[in-house]
Amino acid sequence: MLTDIPGTPVFDGQTSRRGFRMNKLFMSLRFAANRERFLADEGAYCDEFGLTPEQRAAVTGRDWQAMIDLGGSIFYVYKLAMMDGLSMQYLGGVFTGMTEQEFVAAMRAGGRSGG
Amino acid sequence: MAEVIWGLATSHVPSIGAAMDRGRTQDPNWKALFDGYQPAREWLAGHKPDVAILVYNDHANGIDLDIVPTFGIGTAERYDVADEGFGRRPVPDVVGDPDLSLHLLEKLVDEGFDLTVFQELAVDHGFTVPLSVWTPDPGDAWPCPVVPLLVNVIQYPQPTAARCYALGQALGRAIASYDKDVTVGILGTGGMSHQLAGARAGMINAEFDAMFMEAIEKDPAKLAALSREELIREAGSEGIEMIMWLIMRGAMNERVRKVHSHYFVPASNTAAGLALFDNRAGQTA
């Protein structure tokens, strides 16, 4: 087992088990036909994939931090963000309590400190 | 006998590909990155191998979480470029080399590396961005056939750095035992320091990256000794993907000559690194 590294979610086997159905939903959004079906009735689409009520609420409410906490892999969660036209810098801002512009500025200034 | 002529380590950040696809490489936020690639690209253009091996990871495009192979190899004649959800990149599909793939597979299994076999595989930015870093204008085809070697870096436990380095060394022996006289380029991809999620998202560790860049050339065994925990702490939860550089380095000679290296922050949320090594110049030095 990995010891906890502050501020660092590690996508391990237990996390992947928790998030399995939700990550499958994100993966499906690569295809336009699925994106259309999702947007037509997001709740029903979540139910179809067997999400837990908490995951369903996180996805339909676009609670990005909750999606990570409930087992989402950032590479999979990003599929939903892309569909919404949001960038990885936007998500970085969400995770760190900054606006997208502030996050981008921090990156251009050499990135955030690793400590 | 096949011979590794060069090794190229490079980041695979999707926005690097997007900047090229959209003609933005001279934009102020990108110019220094692409200018820094130029010496490597010029050298590579003059040293075209017969075949390349590209060590990479997929990002929820070619494979999902149903099956998480720690190491895998493509054995197909062709690899389509994946549509990651926003349309496929306007770059050529990849021609493979099944004969070399199957040779490498057998030799590596004989050495105890039980690779998963991919007879069909769509390749994503983890694969095509490094090809674009190498060859910005491929036209209708990439410079040579390319064999994909996949590594799980997304789901913990990733293979250890030591195991990756050992796989690279076995890969080097497998290449040397191939009966065709071909030249081989090998690409190790990913990195450098970055973390996408969590309160530490956006972290960059330039000091660690500089150490890694130096040691990948001169003292890879030192990097092979790093634990997963050290890699995640120092390079970020996604920076651990630099273990793929060690597979490339393991397949090369003990002594290599650095042709060019470049470091740039930021490519999106990532420190972008490039290092190009000549495998034929080190022996007599």
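Table: residues versus (1) under 21 Å from residue B:62 (Cβ atoms); (2) buried (at least 18 other Cβ atoms within 10 Å of the Cβ); (3) more than 14 Å from every other protein chain (Cβ to nearest Cβ); (4) of a type outside the set (Ser, Thr, Tyr).
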site	(1), (2), (3), (4)
B:92	yes, no, yes, yes
B:121	yes, yes, yes, yes
B:139	no, no, yes, yes
B:147	yes, yes, yes, yes
B:165	no, yes, yes, no
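Looking at the range B:205-222, I want the residues that are more than 14 Å from chain A (Cβ to nearest Cβ) and within 20 Å of residue B:168 (Cα to Cα) and have a partner that is outside any helix (DSSP H, G or I) and small (Gly, Ala, Ser) with Cβ atoms under 8 Å, at least 6 apart or on another chain. Which pairs are those?
B:213/B:261; B:213/B:273; B:213/B:275; B:216/B:9; B:216/B:275; B:217/B:275
Which one is farthest from residue B:61 (Cα to Cα) among residues in the range A:52-102 that are among the hydroxyl-bearing types (Ser, Thr, Tyr) and assigned to a helix (DSSP H, G or I)?
Among them, the one singled out is A:96.
Which pairs have Cβ atoms under 9 Å, sit 6 or more apart or on different chains, and link a residue in the range B:230-250 that is within 11 Å of chain A (Cβ to nearest Cβ) to one that is surrounded by fewer than 24 Cβ atoms within 10 Å (Cβ to Cβ) and modelled with pLDDT under 95?
Short answer, once both residue conditions are applied: B:232/A:2; B:232/A:5; B:233/A:5; B:233/A:114; B:234/A:114; B:235/A:114; B:236/A:114; B:237/A:5.
Residues that are of a type in the set (A, V, I, L, M), crowded, with 24+ Cβ neighbours inside 10 Å, within 13 Å of chain A (Cβ to nearest Cβ) and not in a loop (DSSP other than H, G, I, E, B): does the range B:259-266 have at least one?
no
Hey, could you check the range B:167-204 for residues that are within 14 Å of chain A (Cβ to nearest Cβ) and among the aliphatic types (A, V, I, L, M) and say which is nearest to residue B:248 (Cα to Cα)?
Checking each candidate, the answer is B:192.
Go through (1) surrounded by 15 or more Cβ atoms within 10 Å (Cβ to Cβ); (2) more than 19 Å from residue B:145 (Cα to Cα) and name the single condition residue B:41 misses.
Evaluating residue B:41 over (1) surrounded by 15 or more Cβ atoms within 10 Å (Cβ to Cβ); (2) more than 19 Å from residue B:145 (Cα to Cα) leaves (2) as the failure.
Go over the candidates B:174, B:141 one by one and state the one that is assigned to a helix (DSSP H, G or I) and at negative phi. Can you show your working first?
Numbers: B:141 fails: assigned to a helix (DSSP H, G or I).
Answer to the check: B:174.
Which residue, of B:13, B:81, is over 19 Å from residue B:249 (Cα atoms), within 14 Å of another protein chain (Cβ to nearest Cβ), touching a strand residue (DSSP E or B) at 6+ places or on another chain (Cβ under 7 Å) and buried (at least 23 other Cβ atoms within 10 Å of the Cβ)? Before you say what the answer is, go through the steps one by one.
Values: B:81 fails: buried (at least 23 other Cβ atoms within 10 Å of the Cβ).
Just one listed residue meets the conditions, B:13.
Assuming residue A:106 fulfils every condition listed in (1) under 26 Å from residue B:63 (Cβ atoms); (2) touching a strand residue (DSSP E or B) at 6+ places or on another chain (Cβ under 6 Å) apart from one, which condition is it?
So the condition that residue A:106 fails would be (1).
The values are calculated or read from the model by the stated rules, or taken from the named source; none is laboratory data. Here the structure is a predicted model, which is why all the values come from computation and not from measurement. All Cβ positions, glycine included, derive from the backbone under ideal geometry; neighbour counts span all protein chains shown.
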